[in-house]
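This report refers to the structure that appears directly beneath it.
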Amino acid sequence: MEPTALDTLLAKQDIHDLLVRYLRAIDRGDVAALEACYLPGATEDHGGLFSGSASDYVASIARTITHPKGVSTHATTNVLIEVDGDRARAESYVLAFARVRRPDGRIGDSLTSARMIDDLERVGRRWGIRHRALRWDWNHDMEPSETWVFGMLGDTSAMKHGGKFPDDVVYASKGAE
(Lines give C-alpha, C1' and ligand atoms only; values in the text may rest on other atoms or scores of the structure.)
Protein backbone atom coordinates (compact mmCIF):
# COMPACT_ATOMS: atom_id res chain seq x y z
CA MET A 1 0.00 0.00 0.00
CA GLU A 2 1.36 3.44 -0.98
CA PRO A 3 2.13 5.71 2.02
CA THR A 4 -0.17 8.70 2.40
CA ALA A 5 1.00 12.29 2.72
CA LEU A 6 0.18 12.01 6.42
CA ASP A 7 2.37 8.86 6.75
CA THR A 8 5.26 10.74 5.15
CA LEU A 9 4.74 13.80 7.33
CA LEU A 10 4.67 11.66 10.49
CA ALA A 11 7.85 9.85 9.39
CA LYS A 12 9.59 13.19 8.82
CA GLN A 13 8.56 14.39 12.28
CA ASP A 14 9.81 11.17 13.89
CA ILE A 15 13.14 11.54 12.07
CA HIS A 16 13.46 15.21 13.02
CA ASP A 17 12.83 14.27 16.67
CA LEU A 18 15.51 11.56 16.39
CA LEU A 19 18.06 14.05 15.06
CA VAL A 20 17.30 16.52 17.86
CA ARG A 21 17.46 13.75 20.51
CA TYR A 22 20.91 12.87 19.15
CA LEU A 23 22.15 16.43 19.69
CA ARG A 24 20.59 16.63 23.15
CA ALA A 25 22.30 13.36 24.09
CA ILE A 26 25.67 14.80 23.03
CA ASP A 27 25.18 18.02 25.00
CA ARG A 28 23.80 16.38 28.12
CA GLY A 29 26.34 13.53 28.06
CA ASP A 30 23.58 10.90 27.90
CA VAL A 31 25.47 7.96 26.40
CA ALA A 32 22.50 5.55 26.50
CA ALA A 33 20.25 8.02 24.66
CA LEU A 34 23.02 8.61 22.10
CA GLU A 35 23.44 4.88 21.47
CA ALA A 36 19.67 4.53 21.07
CA CYS A 37 19.72 6.90 18.08
CA TYR A 38 21.65 4.35 16.04
CA LEU A 39 20.36 1.05 14.71
CA PRO A 40 22.29 -2.14 15.51
CA GLY A 41 25.26 -2.44 13.15
CA ALA A 42 25.16 1.28 12.24
CA THR A 43 28.28 3.03 10.95
CA GLU A 44 29.72 6.50 11.50
CA ASP A 45 31.96 8.51 9.17
CA HIS A 46 32.79 11.54 11.31
CA GLY A 47 34.40 13.71 8.66
CA GLY A 48 37.87 12.17 8.65
CA LEU A 49 38.21 12.04 12.45
CA PHE A 50 36.51 8.66 12.90
CA SER A 51 35.25 5.97 10.58
CA GLY A 52 33.81 2.70 11.84
CA SER A 53 30.96 1.28 13.84
CA ALA A 54 28.60 3.71 15.55
CA SER A 55 29.05 1.84 18.83
CA ASP A 56 32.84 2.36 18.62
CA TYR A 57 32.26 6.03 17.82
CA VAL A 58 30.03 6.49 20.88
CA ALA A 59 32.61 4.71 23.03
CA SER A 60 35.34 7.00 21.67
CA ILE A 61 33.50 10.19 22.73
CA ALA A 62 31.75 8.97 25.90
CA ARG A 63 34.41 10.26 28.30
CA THR A 64 34.46 13.69 26.65
CA ILE A 65 30.69 14.23 26.53
CA THR A 66 30.14 13.03 30.12
CA HIS A 67 32.96 15.09 31.65
CA PRO A 68 31.31 17.27 34.32
CA LYS A 69 33.09 20.41 33.07
CA GLY A 70 32.39 19.68 29.41
CA VAL A 71 30.24 22.37 27.82
CA SER A 72 28.71 22.13 24.38
CA THR A 73 25.60 23.25 22.58
CA HIS A 74 24.57 21.71 19.27
CA ALA A 75 21.76 23.27 17.26
CA THR A 76 20.30 21.87 14.06
CA THR A 77 19.15 24.39 11.50
CA ASN A 78 18.26 23.39 7.94
CA VAL A 79 16.88 19.85 7.92
CA LEU A 80 15.87 18.22 4.67
CA ILE A 81 14.36 14.72 4.95
CA GLU A 82 13.44 12.51 2.03
CA VAL A 83 11.34 9.48 2.96
CA ASP A 84 10.98 6.36 0.83
CA GLY A 85 8.85 3.85 2.72
CA ASP A 86 10.86 2.52 5.65
CA ARG A 87 14.05 4.23 4.51
CA ALA A 88 15.00 7.88 4.51
CA ARG A 89 17.88 10.25 3.94
CA ALA A 90 18.35 13.45 5.93
CA GLU A 91 20.75 16.35 5.57
CA SER A 92 21.00 18.50 8.71
CA TYR A 93 23.08 21.60 9.20
CA VAL A 94 24.54 21.75 12.71
CA LEU A 95 26.10 24.59 14.65
CA ALA A 96 28.23 23.30 17.51
CA PHE A 97 29.58 25.49 20.29
CA ALA A 98 32.14 23.95 22.63
CA ARG A 99 34.26 25.23 25.48
CA VAL A 100 37.54 23.34 25.32
CA ARG A 101 40.97 23.16 26.90
CA ARG A 102 43.37 24.42 24.25
CA PRO A 103 46.76 22.82 23.56
CA ASP A 104 48.41 25.63 25.61
CA GLY A 105 46.27 24.65 28.62
CA ARG A 106 44.04 27.72 28.50
CA ILE A 107 40.29 27.55 27.95
CA GLY A 108 38.85 28.56 24.58
CA ASP A 109 35.51 28.64 22.81
CA SER A 110 34.94 27.14 19.39
CA LEU A 111 31.99 27.52 17.02
CA THR A 112 31.78 24.93 14.25
CA SER A 113 29.40 24.42 11.37
CA ALA A 114 28.95 20.95 9.91
CA ARG A 115 26.39 18.86 8.07
CA MET A 116 25.14 15.41 9.02
CA ILE A 117 24.03 13.27 6.10
CA ASP A 118 22.10 10.35 7.53
CA ASP A 119 20.78 7.17 5.99
CA LEU A 120 17.91 6.13 8.23
CA GLU A 121 15.67 3.14 8.50
CA ARG A 122 12.45 2.35 10.32
CA VAL A 123 12.65 -0.98 12.09
CA GLY A 124 9.31 -1.90 13.57
CA ARG A 125 7.91 1.45 14.64
CA ARG A 126 11.27 3.08 15.41
CA TRP A 127 13.46 5.20 13.14
CA GLY A 128 17.22 4.99 13.64
CA ILE A 129 20.45 6.02 12.00
CA ARG A 130 21.89 3.28 9.77
CA HIS A 131 24.87 5.36 8.50
CA ARG A 132 26.05 8.90 9.19
CA ALA A 133 28.49 10.92 7.10
CA LEU A 134 29.45 14.16 8.83
CA ARG A 135 31.14 16.91 6.80
CA TRP A 136 32.81 20.02 8.22
CA ASP A 137 31.94 23.41 6.72
CA TRP A 138 33.71 26.05 8.84
CA ASN A 139 35.05 26.85 12.31
CA HIS A 140 35.68 29.99 14.39
CA ASP A 141 37.78 29.91 17.57
CA MET A 142 37.49 32.70 20.16
CA GLU A 143 38.41 33.72 23.68
CA PRO A 144 35.88 32.72 26.35
CA SER A 145 33.81 35.24 28.26
CA GLU A 146 31.82 34.84 31.45
CA THR A 147 30.27 38.29 31.49
CA TRP A 148 26.92 37.07 30.06
CA VAL A 149 25.84 39.41 27.27
CA PHE A 150 28.74 41.82 27.86
CA GLY A 151 27.68 42.26 31.49
CA MET A 152 24.20 43.54 30.62
CA LEU A 153 22.51 40.85 32.74
CA GLY A 154 23.99 42.31 35.92
CA ASP A 155 24.40 39.94 38.87
CA THR A 156 24.29 36.43 37.45
CA SER A 157 25.03 34.56 40.68
CA ALA A 158 21.45 33.18 40.85
CA MET A 159 21.42 31.91 37.25
CA LYS A 160 20.44 28.26 36.89
CA HIS A 161 22.71 26.33 34.52
CA GLY A 162 22.21 23.13 32.55
CA GLY A 163 23.85 19.93 33.69
CA LYS A 164 24.94 16.53 32.50
CA PHE A 165 22.84 13.36 32.55
CA PRO A 166 21.06 12.58 34.87
CA ASP A 167 21.24 15.92 36.71
CA ASP A 168 19.86 18.23 34.01
CA VAL A 169 16.32 19.56 34.42
CA VAL A 170 15.24 17.72 31.22
CA TYR A 171 15.56 14.42 33.14
CA ALA A 172 13.59 15.62 36.18
CA SER A 173 10.00 14.52 36.58
CA LYS A 174 7.49 16.97 35.15
CA GLY A 175 7.09 20.04 37.33
CA ALA A 176 10.28 19.35 39.29
CA GLU A 177 13.50 21.31 39.03
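The values are calculated or read from the model by the stated rules, or taken from the named source; none is laboratory data. Nothing here was measured: the structure is a model prediction, and the numbers come from that model. Glycine gets a Cβ as well: all are built from the backbone with ideal geometry, and neighbour counts include every protein chain shown.
Between a first residue in region 52-73 that is touching a residue at least 24 places away in the same chain (Cβ under 8 Å) and a second residue that is among the aliphatic types (A, V, I, L, M), which pairs have beta carbons less than 6 Å apart while being 6 or more apart in sequence or on different chains? From residues that are touching a residue at least 24 places away in the same chain (Cβ under 8 Å), the pairs are Ala54/Ala42; Val58/Leu34; Ala62/Val31; Ile65/Ile26; Ser72/Ala98. Evaluation of Leu10 against the conditions (1) free of Cβ contacts under 8 Å to residues at least 40 places away in the same chain; (2) touching a Lys or Arg at 6+ places or on another chain (Cβ under 7 Å); (3) farther than 24 Å from Leu111 by Cα shows that the sole unmet condition is (2). Of the residues making up region 69-83, those that are surrounded by fewer than 13 Cβ atoms within 10 Å (Cβ to Cβ), at pLDDT below 95 and part of a strand (DSSP E or B) number 1. Being assigned to a loop (DSSP other than H, G, I, E, B), under 20 Å from Trp136 (Cβ atoms), in contact with a strand residue (DSSP E or B) (Cβ under 9 Å, 6 or more places away or on another chain) and not charged (D, E, K, R) is the requirement here; does Leu49 meet it? Considered against the rule, which asks whether it is assigned to a loop (DSSP other than H, G, I, E, B), under 20 Å from Trp136 (Cβ atoms), in contact with a strand residue (DSSP E or B) (Cβ under 9 Å, 6 or more places away or on another chain) and not charged (D, E, K, R), Leu49 comes out as yes. Out of everything in region 84-130 that is of a type in the set (Phe, Trp, Tyr) and closer than 14 Å to Leu19 by Cβ, what residue ends up being surrounded by the most Cβ atoms within 10 Å (Cβ to Cβ)? Here the residue is Trp127. Suppose we keep only residues that are of a type in the set (D, E, K, R), touching a strand residue (DSSP E or B) at 6+ places or on another chain (Cβ under 8 Å) and in a strand (DSSP E or B) within region 84-98. Which one would you say is farthest from Gly162 (Cα to Cα)? Within region 84-98, the match that is farthest from Gly162 (Cα to Cα) is Arg87. Whenever a residue of region 166-177 is at pLDDT 90 or above, its partners that are surrounded by 11 or more Cβ atoms within 10 Å (Cβ to Cβ), lying with C-beta atoms within less than 6 angstrom and at least six residues away or across chains, give the pairs Asp168/Arg28; Asp168/Gly162.
Annotation for region 143-155: at least one member residue is in contact with a strand residue (DSSP E or B) (Cβ under 9 Å, 6 or more places away or on another chain), exposed (fewer than 10 other Cβ atoms within 10 Å of the Cβ) and over 23 Å from Gln13 (Cβ atoms). A single member of Ala36, Ala90, Ala42, Ala32 is of a type outside the set (Val, Ile, Thr) and either touching a Phe, Trp or Tyr at 6+ places or on another chain (Cβ under 7 Å) or over 30 Å from Met1 (Cα atoms) (or both), and it is Ala32.
Scanning region 131-142 for residues that are among the aromatic types (Phe, Trp, Tyr) and surrounded by 13 or more Cβ atoms within 10 Å (Cβ to Cβ) gives a single hit, Trp136. Restrict the check to region 141-156 and report whether at least one residue is of a type in the set (S, T, N, Q), at negative phi and in a strand (DSSP E or B). No, the conditions are met nowhere in region 141-156.
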